[in-house]
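One structure is given below, encoded as structure tokens.
Where a number appears in this text, it was derived from the coordinates with a stated rule and is not lab data. Being a predicted model, the structure only gives us computed values, none of them experimental. Don't worry about glycine lacking a Cβ; one is built from the backbone with ideal geometry, like all the others, and counts go over all protein chains shown.
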Amino acid sequence: MSGGTAAADGLLRRGLRFLRSRWRVLVRLGVWSVLETGQSFLIGYAPARALDDGFLQGRTQVGLGWLAVAGLGVVLGAYGTARVYAAVAALVEPLRDRLVTRVVERGVREADRGALSGLTQQVEIARDTFAGLVMVSRSFVFTAVGALAGLFSLAPLLLLVVLPPLAAGVGLFAATLRPLARRQETFLAADEALADWLGTVCPGLRDITASGAEDRMAADTGNLVDAELRAARSLARFGVLRVAALALGGHLPTVLLLATAPWLLRQGVTPGALLGALAYVTQSLHPALHNLVHGLGTSGSRLAVVLRRLAPTGAAEGRVHSGPATPSRGAGNCATSHDAPAAARRQTAAPPTKRNALTLSSVTFAYGPTAAPVIESLDLTLPPGAHLAVVGPSGIGKSTLTTLVAGLLEPRSGTIRIHGDPAPTPQARASRVLIPQEAYVFTGSLAENLAYLRPDPVPEAEMLASAEAVGLAPLLDALGGLGGRVDPTALSAGERQLVALARAHLSHAPLALLDEATCHLDPRAEARAERAFASRPGGTLVVVAHRVSSARRAGRVLMMDGRDTAYGTHDELVRCSARYRELVGGWAAGPGAPSQPALALGDPDGVDAVAGPGLAGDGRHVVAHGPVGQVQAPRDLRDGRPFRREG
Ligand SMILES: Nc1ncnc2c1ncn2[C@@H]1O[C@H](COP(=O)(O)OP(=O)(O)OP(=O)(O)O)[C@@H](O)[C@H]1O
């Protein structure tokens, strides 16, 4: 037995089990359908009687009476239809609940919100399709029973004319149902495979061109297009059989009734009975068969595909992915924001480990409704304890990013979570502390300034430890200890930054955002402050860096550069990102270099640096556009030694 057939049989078994457990609802549905069917019966019977017993006999009132009966049948039928909808809801909603429970469990287990929203959408499709199927197949059965009973009661001979073509049409349709469903599924799978493939290839066109892989990619894409074309043609061929079934079962009875009318009249069938038979065929049987053929033919296979996809194991087992292997992206391990979709997929495919300190999912932000986004579709994940340096050219959006994470701005779209709490919310706000470039201190004691972010009384020892950690101790001594008076105007910008840093260090917030918060400190003092934050137990640090030394210290670097944003370690970026090398090289070249680095003389920790453009990454890969080596890395970096400013 093939995998597809086994899956289909499994689905059928589960479906029958589901229906068996809801037999009461099915009975209710049947009862209301009978009432609805009364209308189908009367639609031909009443006009026949009206003609034969009323108008043709000159008894107008009797004729009108029968027509009134037909009208009453319509009213009762409408009531029955309303009750039918309620019964269908009772059948369909439990299926929806069951599927929702299943996909939510799966989404929680896989910690994949993207997949979850996709799956819940599919549940809605499954619910609607199932409801449509129940309505269509039920309607056909009851309408056909009503109409055939009516034909029999008018004149059994009529069945001889109507029944054979109707049965042949239904039989032909039934025979095509399974192969049609298979072809429909193949077509859907081919269509999705092509869409998936294009979604992967299109964002990487630049890399494909850079690595000369156009021909191979075009050939692979062509294969998928051909596969979809073949599937569409095969489906269309079966579509012709479907139309034939409808012509046979729906149109032929009308033709036969008209062609055999003289014979039928000779056999004693009355003109009214003939009129009634035509009404049954054209008003009931043909529309019901039409709905069945189109509804069951299309929706049935759609439902099968969706249900199989929602199945607990091998969610995509029903999906034929005939696409070629993932395209090479040109530059080894590198990944830019071009790779965002692939990177996002890699990220969501990873098993959940622990709660991330910071998660950005497809974050887009602009300063105005029609303004160009400063940040676009940014994905970023930082585990607790991570140390990230954000670099990029002036005005690229580094401060905007930290402000968004701090919850002072709201993304236009996408989500930001700090230790699982969405930003901006009070919970997320309590988990982060933002130290901007401009450090604010106020007139008061140093202790008051330091304890400002703590709701609880802060032990002196803690304050002294934080002051020591960030390098505030000399100022603390100069001011005469924690009780010393702070006069903001008497402090230098660097001293004010040290106070602000010690205050943030004392806060309980595990995520520290330093937005050029050390720009007035010398490199040595900056290094000390950053290390103090990086070594807080469980503390996560995001630094908007203005020196290369900052980027080197950080475990990961986010180089913001619009669509070419790159992410990785400093060494990876140096290896893979031409843009990053260019920036680093710019610093080394000194003043007047394109990136206009802020150099600090005699930096024992390395070179000063940077600013460059960008977006996101998956925590493991970095990027380069253009072959690696096209831009030569500065000699100092290749030697692994820090830069030194010349002269
Ligand atoms: N409050 C604001 N209102 C409108 N536009 C703003 C605002 N703040 C920043 N911008 C604009 O958003 C863009 C990104 O600015 P942002 O300050 O985030 O960049 P940056 O990379 O931090 O720059 P720098 O390194 O110079 O601090 C710039 O074009 C800037 O002019």
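Could you tell me which of rounded, prolate or oblate describes region 439-508, using a ≥ b ≥ c as the square roots of the eigenvalues of the alpha-carbon gyration tensor, with rounded for a/c under 1.5 and, failing that, prolate when a/b is larger than b/c and oblate otherwise? Note, shape of region 439-508 comes out rounded. For the pair W263 and D522, label points projected 7 Å from Cα toward Cβ lie 11.4 nm apart.
Subtracting the Cα-Cα distance of R531 and R59 from 0.36 nm times their residue separation leaves 159.4 nm of extension gain.
In this simple spin-label model, placing a label point 7 Å from the Cα along the Cα-to-Cβ direction at both T209 and D191 gives a separation of 3.1 nm. Highest mean packing comes first when the peptides 434-447, 501-514 are listed by Cβ atoms within 10 Å, giving 501-514, 434-447. Fully extending the segment from V104 to W23, taken as 0.36 nm per residue of separation minus the present Cα-Cα distance, adds 26.4 nm.
Highest mean first, the peptides 193-202, 12-21, 243-252 sorted by other C-beta atoms within 10 Å per residue fall in the order 243-252, 193-202, 12-21.
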